[in-house]
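Just below is one structure, and these are the notes that go with it.
Read-outs: derived from the displayed coordinates by stated rules, not from any lab. The shown structure was predicted, so the numbers you read here are calculated from the model rather than taken from an experiment. Neighbour counts are summed over all protein chains in view; Cβ atoms, including those assigned to glycine, are modelled from backbone coordinates with ideal geometry.
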Amino acid sequence: MQRAQAAARIAALTDELHEHAYRYYALDAPTISDAEYDRRMRELESLEREWPALIRPDSPTRRVGAAPQPGFTPFPHPAPMLSLQNAFSDEELREYDERVRKGLATAGPVEYVAEPKLDGVAIELVYRRGLLEAASTRGDGLVGETVTDNARTIKSVPLKLRAQAGAALPDELVLRGEAIIHKAAFERLNRQREEAGEPSFANPRNAAAGSLRQLDSRVTARRPLEVMLYAPGLDVPGLDSQLALLEWMRAVGFRVNPLSRLCRGPDEVLQAYRELLARRHDLPYEIDGLVVKVNRFAAQRALGEISRSPRWAIAYKFPAVQETTRVEDILVQVGRTGVLTPVAALRPVRVGGVEVSRATLHNQDEIDRKDVRVGDTVVIQRAGDVIPEVVAVIREKRVGDPPRYRLPDTCPACGGRAVREEDEAAKRCSNMACPAQLRERLLHFASREGLDIQGLGEKLVAQLVERGLVRDAADLYALDLPRLAGLERLGEKSAQNLLAQLAASRARPLGRFLFALGIRHVGEHVAGLLAEAFGGLEALAAADEEALQAVPGVGPEVAGSVRAFFAEPANLRALARLRAAGVEPQAPARPGPRGTGAARPLEGKTAVLTGTLATLDRRAAKQLLGALGAKVTGSVSRKTDLLVAGESPGSKLAEAERLGVRVVDEAGLLALAREAGLEPPAP
Ligand code: IVH
């Protein structure tokens, strides 16, 4: 190939690859396959190897990272990088709007742009004649750290901008945005780090900051950073509003958050806040609030700034999902299958509007990995419907050298030997007669998804076990008024109700009975499948692994565990005792309960509403739950199947989490309705 030909091909490939990167990263609308993109990239790489003098400064091959730097070069910002004032309530947001209107001396509604507040690390990009010239972190707001080589490795940072009508490309362009790492990429990154024996990052923000501030840009190149822009560093001539800026930035090649929107006045801003809050946990990246900006640049200039924050913008923060607090103690809970679960007892803190005083530590491996010790200051997290967990220890705050924590070798409930089987994360109490296991098994047996024995709650079960009145589920059916008479907090009326409930529970559907038995890996859904497929306990007990696996939805794990259950003489004795006590699960009517059931996914379930929902009012939400088959009650108990939590959920959410009740937000409820083919009622 001649030099001229090579130069032409290199130029064509460079331009083409920029175009495709733009379609991919900025527009989310690629027009060629990843493989095709890679092929062209390789062709360009090989031409550049042959003709190094022809490499263009904006070549997309230059994203691999450069040699390590001895330290960061200071980067004086062309204009200070300010921070934002915060609002924490609707009221504070309205007060802010009043200040803005006063500042602008207008009575009418102000135009705002409401944008997701990305939870990453701020970055400033400088372009000269359309080419990326420099990148910097925020630093102290006046002087940042130069991270140009690092920024070049981030695919969503264009190396060359697209020429554009509207505002022409100024000679010098300074723009700002956020470098973030997506939640899924963060999980992957942490897994890799753990495998490599490196400390994991506490959250995506720390991971993003750590990845951007690397002296060796080859490390940054391997990190899944993404940059979204949201602000000018210097005025861009020809643009007169934030909305126009966002559009223009997208047109010249940047990634811009598609959820940003124009709001007229505070009501629309509050609506945007609620909608974003409801979607928060469904977004692939973390956000921690809504940034509200006065749209018109002329109005922004008129408002000016005060003590390092602009008067033309405010961050309306979401309730935090992470908090730091102290581990006061590490307790051990014994589950139904004997698993010992370590739980951190915390100095209570509010996380996401709920007071949290316990967080799970999962198992010994997790404790070792995070090295959690009593007395440590830790980051805890409570996101969406997951139970609170300890995310990381803040090592700098550790005082002295407290001993490492080890799960006990004996069960804290019964003193039985606690053992950890090979290839199991969990340590289990090996005592079949452990009262803690028995209590949990009985509660599971009586749960709503199980035999639904109302009135058989935690306190009562504890007494029955403690007094030796109940040693297994069959003993429940031997209870009578005289035996229940001496129990605390159980009047005669409640005792009678309980006996009636027990009587009724003898004839529950087979699927519920199978679930109630607590066979490993047999949840509500699988229990229903097995009941439908085998129609009776005898047929199921006789099924071999092959027959079990022939049931759609049943894999080797479930099949093995069902076989193991029926191979255990103690289980067969327990089943015989239940039969003798008159427990006779009902075979499913054939054909199976399809059709109506599919449209009423919450049939027979109890739901509770709490907090304010963004689009549905209480009446509408109740109506929708009813249409899905649920009964709506006022308070959360062990019998609650579902909590629908809106904004400011309060104590019901905490209670639901303590009891392990499924929690959904409004988006989750609407998704259920959609799946069932229901239209949400008009508010
Ligand atoms: S505008 C003067 N818009 O929040 C305001 N900031 O304390 C310039 N942030 O350091 C920032 N998302 O890192 C703006 N859509 C957004 C943002 C955003 C996240 C961060 C940014 C800034 C901090 C404010």
Taking the Cα centre of the stretch 252-396 as origin, sum charge times position over the Cβ atoms of Lys and Arg (+1) and Asp and Glu (-1), and report the length of that vector in debye to the nearest 20.
-> 780
Largest-first semi-axes in Å of the equivalent ellipsoid built from the Cα gyration tensor of the chain are 56, 30, 26
Crossing angle, helix 34-50 versus the chain [Cα axis fit, 0-90 degrees, rounded to tens] = 40
D (µm²/s, integer) via Stokes-Einstein for the stretch 634-681, Kirkwood Rh across alpha-carbon pairs, 10 °C, 1.306 mPa s: value 139
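About the Cα centre of the stretch 237-281, what is the dipole size in debye to 20, counting +1 per Lys and Arg Cβ and -1 per Asp and Glu Cβ, all else neutral?
Result for the stretch 237-281 is approximately 260 debye, rounded to the nearest 20.
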Per the charge dipole of the chain (beta-carbon charges, Lys/Arg positive, Asp/Glu negative, Cα centre), the residue among Met228, Ala251, Phe534 reaching farthest to the positive end is Phe534
Grab the other residues whose beta carbon is less than 15 angstrom from that of Gly141, score K and R as +1, D and E as -1, and report the net.
-> -1
Backbone N under 20 Å from the Ala576 label point (7 Å along Cα→Cβ), restricted to the stretch 534-565 | 537-543, 563-565
Helix 569-580 vs. the chain, principal-axis angle (Cα, 0 to 90°, nearest 10) | 60
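Could you tell me whether the stretch 17-84 comes out rounded, prolate or oblate from its Cα gyration tensor? Rule is a ≥ b ≥ c as square roots of the eigenvalues, rounded for a/c under 1.5, then prolate if a/b exceeds b/c, otherwise oblate.
Because a/c hits 1.5 or more and a/b fails to exceed b/c, the stretch 17-84 counts as oblate.
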Putting +1 on Lys and Arg Cβ atoms and -1 on Asp and Glu Cβ atoms, find which of Leu469, Gly611, Ala559 reaches farthest to the positive end of the dipole of the chain.
-> Leu469
List the lysines whose alpha-carbon lies under 22 Å from that of Lys370, not counting same-chain residues fewer than 8 positions away?
-> Lys183, Lys397, Lys427
Here are some pairs, Lys605/Lys631; Lys459/Lys605; Lys117/Lys293; which of them have Cα atoms lying more than 18 Å apart in this structure?
-> Lys459/Lys605
Let me know the charge dipole size of the stretch 1-139 about its Cα centre in debye, to the nearest 20, where only the beta-carbon of Lys, Arg (+1) and Asp, Glu (-1) is charged.
-> 680
Compactness summary of the stretch 144-267: radius of gyration and Dmax from Cα atoms, Å, are 16.9, 52
All other residues with a Cβ under 15 Å from the Cβ of Ala507 taken together, and with Lys, Arg as +1 and Asp, Glu as -1, what is their net charge?
-> +2
Packing-based ranking, highest mean first, of 196-209, 394-407 given that Cβ atoms within 10 Å are counted | 196-209, 394-407
Histogram of C-alpha separations across the stretch 439-557, 10 Å bin width, % | 13, 41, 25, 15, 5, 0
Mind pulling the angle between the C-alpha long axis of helix 265-279 and the longest principal axis of the chain? Nearest 10 degrees, somewhere in 0 to 90.
-> 60
Cα-based shape type of the stretch 485-615, given that a ≥ b ≥ c are square roots of the gyration tensor eigenvalues and the cut on a/c is 1.5 = oblate
Ranked by Cβ crowding within 10 angstrom, fewest neighbours first, how are Ser156, Ser561, Ser635 ordered?
-> Ser635, Ser561, Ser156
Which of Ser89, Gly139, Leu438 sits closest to the plus end of the dipole of the chain, meaning its Cα is farthest towards the positive end, when Lys and Arg get +1 and Asp and Glu get -1 on the C-beta?
-> Leu438
Rounded to the nearest 500, what is the chain's calculated 222 nm mean residue ellipticity when only DSSP H runs of at least 4 contribute -39500 (n - 2.57) each, over all residues?
-> -10500 deg cm²/dmol
Exposure proxy order (Cβ contacts within 10 Å, fewest to most) of Val461, Val252 = Val461, Val252
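First select every other residue whose beta carbon is under 14 angstrom from the beta carbon of Asp368; then total the charges, Lys and Arg +1, Asp and Glu -1.
With Lys, Arg at +1 and Asp, Glu at -1, the net is +2.
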